[in-house]
Amino acid sequence: MKSKVGGVSRRALLKGVSATAILSGVSAPFLVPRMAGAQDAKSVRVLSVEDPFFFSMKAMIPEFEQETGIKVELESLSYDALQARLVSAFVAKTSDADVIAVDQMWLGQYLDNGWIIPLNDHIAADKEIDLADFLPEVLYSSNMWRGQIGTLPVAAYAQGVMYRTDIFEELGIAAPPSEVTDDWTWDKYIQTLKMMEGKSFNGAPLFPTVVCGSQPSPIVHMFTQISASHGASWFKQFPAAPWDFEPQLTGPAWAKSVDLYRELYRLSPPEAINYVWFDAGTRFAKGDIGMFYWWTPYFYLVKNSGYMTGTKSDVMEKYATAALPKADGVPQNVSIGGWSLGIPSSSDRADNGYAFIRWATSKATQKKMALWPDLNFQFSDFARASLYDDAELAAVYPYLGTQMNMMKAGNGKVTRPPVPGYTALESVLGLTLNQLLTGDEAPAAALERTNALFASILKGNFMIPYQKESYADTLDEAKALIGKLSQG
């Protein structure tokens, strides 16, 4: 085995990612949160990321304050800044927040470390929350860990396809299906893209697709949809019990996925090697991309020219959505992610915090967020089944049926397993994938090296061999817990 990974020594990389595993990849000593005791008893302090849900939720807050008499102090941060702020505050035991936005990937670490409180008791005592209305696939993927509901979803994401209807019509390309079908495969997806290769549209060169190439997180988010579709697993056994975290990043499914992603990059603008999440979506909105797949918030985000600008994009009336392709002979597995709200264990206003979470994730508030007209209607990330059947919402977001199909086919615990130390593993995988896009190394060799790095990280974090108690973390168990809590 080579001792270098892209010019970085293996020892240096392992040293860095080991620290990442302990502190979730971040540290921010310059951020000093205020103590919770400084807040008024009728207040709630909320820390959130500025994903799309933030803007419409913020607009609705005056209604919450009027209904409850609780004053909301809302602060927004970038993804990295939020993660840094939270972990630093938790470790120092100085968190001042009563409600925090939690990425699905952080949930296991936050609950295992006691940084947030389980919501089971609050939910069981709440006769109006209608827990059964939440999609079980979402709660299972994003909110449950070891039989505890640690958060509730404020914005649930699946992944799906967006394509230009005008380009497909002009080139005589058949529209992709809105539901998963056996013949809508990744190979068929590539064939469809190649029908646009070398073509122009409206006098300008056309790129068949666009991908995210930036590492670590963006490329992992997009690539792992393909690997999960092909049946690739990160670990020998997870989430089913007993847990065995021996890494499984080698084999045909992984190599096939790398080859496919390389082909997608070849059909993308070359600058996509540096694209993060929003770059891919905003590039499609510029009008020179034929088709791409990405998180379902982009089903509406591409209506804007730029992120949450409110300026109509060039494709606003010229695109449609479709189901994700699947691998031939493999059941579809759609990635589920998104943002949820939880209560730090340091908060002395847990009741206020739960009141805010219950309000923000309720059917009524989520519908109002979706119908907020500013910025061209920029929220349809529903975790509640009833909202997908709402005719008023469907009139604004005509793709809800496709989005619902993707949600029901989802399993976020398999696509990107939210285990403690995930961030360190993602860092290694993202670096490897980024290098594979621009180099000519055989996938098998790079994946074998990455597998060895995974093993070293997991051993350093006492996950190989796994000595803690496992949990039968299956969708059936999640449904059983939902039923139990729904009965009070």
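The values are calculated or read from the model by the stated rules, or taken from the named source; none is laboratory data. As the structure is a computational prediction, the values presented were derived from the model and not from experiment. Neighbour counts are summed over all protein chains in view; Cβ atoms, including those assigned to glycine, are modelled from backbone coordinates with ideal geometry. When the accessible area is computed, the model is the full protein with side chains, heavy atoms only, and any ligands, DNA or RNA have been set aside. Shrake-Rupley method; radii C 1.70, N 1.55, O 1.52, S 1.80 Å.
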> Which of (1) surrounded by fewer than 21 Cβ atoms within 10 Å (Cβ to Cβ); (2) out of contact with any Lys or Arg (no Cβ under 8 Å at 6 or more places or on another chain); (3) part of a loop (DSSP other than H, G, I, E, B) is the odd one out, the single condition VAL180 does not satisfy?
Replying inline: (2)
> Are any residues in region 250-261 buried (at least 17 other Cβ atoms within 10 Å of the Cβ) and touching a Pro at 6+ places or on another chain (Cβ under 8 Å), and if so, which ones?
Replying inline: TRP254, ALA255, VAL258
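Which ones in region 61-76 are open to solvent by less than 20 Å² (accessible area, probe 1.4 Å) and in contact (Cβ under 8 Å) with a residue 24 or more places away in the chain?
Correct list: PHE64, ILE70, VAL72.
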> Which one is least open to solvent (accessible area, probe 1.4 Å) among residues in region 273-291 that are in contact with a Phe, Trp or Tyr (Cβ under 9 Å, 6 or more places away or on another chain) and farther than 25 Å from ALA155 by Cβ?
Replying inline: GLY290
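For region 374-392, which residues satisfy the criterion of being within 18 Å of PHE55 (Cα to Cα) and at pLDDT 95 or above?
The initial filter retains those residues of region 374-392 that are within 18 Å of PHE55 (Cα to Cα), namely 374-383.
Listed by number, the residues that qualify are PHE377, GLN378, PHE379, SER380, ASP381, PHE382, ALA383.
Check ASP103, ASP80, ASP126 and return the single one that is open to solvent by 20 Å² or more (accessible area, probe 1.4 Å), closer than 24 Å to SER335 by Cβ, among the charged types (D, E, K, R) and in contact (Cβ under 8 Å) with a residue 12 or more places away in the chain.
Numbers: ASP103 fails: open to solvent by 20 Å² or more (accessible area, probe 1.4 Å); ASP126 fails: closer than 24 Å to SER335 by Cβ.
After ruling out the rest, the residue left standing is ASP80.
Any idea which residue in region 107-123 is surrounded by the most Cβ atoms within 10 Å (Cβ to Cβ), counting only those that are in a helix (DSSP H, G or I) and among the aliphatic types (A, V, I, L, M)?
Step one: of region 107-123, the residues in a helix (DSSP H, G or I) are 107-112, 120-123.
Filter once more, so that each one left must be among the aliphatic types (A, V, I, L, M): 107, 111, 123.
On the way: LEU107: 26, LEU111: 23, ILE123: 19.
Selected residue: LEU107.
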>> Looking only at residues that are part of a loop (DSSP other than H, G, I, E, B) and among the hydrophobic types (A, V, I, L, M, F, W, C) in region 292-316, which one is nearest to TYR157 (Cα to Cα)?
In response: VAL302
>> For region 366-383, give me the residue count where each residue is open to solvent by 10 Å² or more (accessible area, probe 1.4 Å) and either touching a residue at least 24 places away in the same chain (Cβ under 8 Å) or hydrophobic (A, V, I, L, M, F, W, C) (or both).
In response: 8
>> For ARG283, only one of the following conditions fails: (1) closer than 17 Å to LEU433 by Cβ; (2) assigned to a helix (DSSP H, G or I). What is its number?
In response: (1)
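Just the residues that are open to solvent by 10 Å² or more (accessible area, probe 1.4 Å), in contact with a strand residue (DSSP E or B) (Cβ under 8 Å, 6 or more places away or on another chain), assigned to a loop (DSSP other than H, G, I, E, B) and not charged (D, E, K, R), please, taken from region 317-335.
Kept after step one, since they are open to solvent by 10 Å² or more (accessible area, probe 1.4 Å), are these residues of region 317-335: 317-321, 326, 328-333.
Those still in the list that are in contact with a strand residue (DSSP E or B) (Cβ under 8 Å, 6 or more places away or on another chain) too: 318-321, 326, 328, 332-333.
With the extra rule that they be assigned to a loop (DSSP other than H, G, I, E, B), the set shrinks to 318, 328, 332-333.
Within region 317-335, GLN332, ASN333 meet the criteria.
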> Identify, please: which residue in region 228-240 is modelled with pLDDT of 95 or more and over 18 Å from GLY421 (Cα atoms) and is, among those, surrounded by the fewest Cβ atoms within 10 Å (Cβ to Cβ)?
Replying inline: GLY231
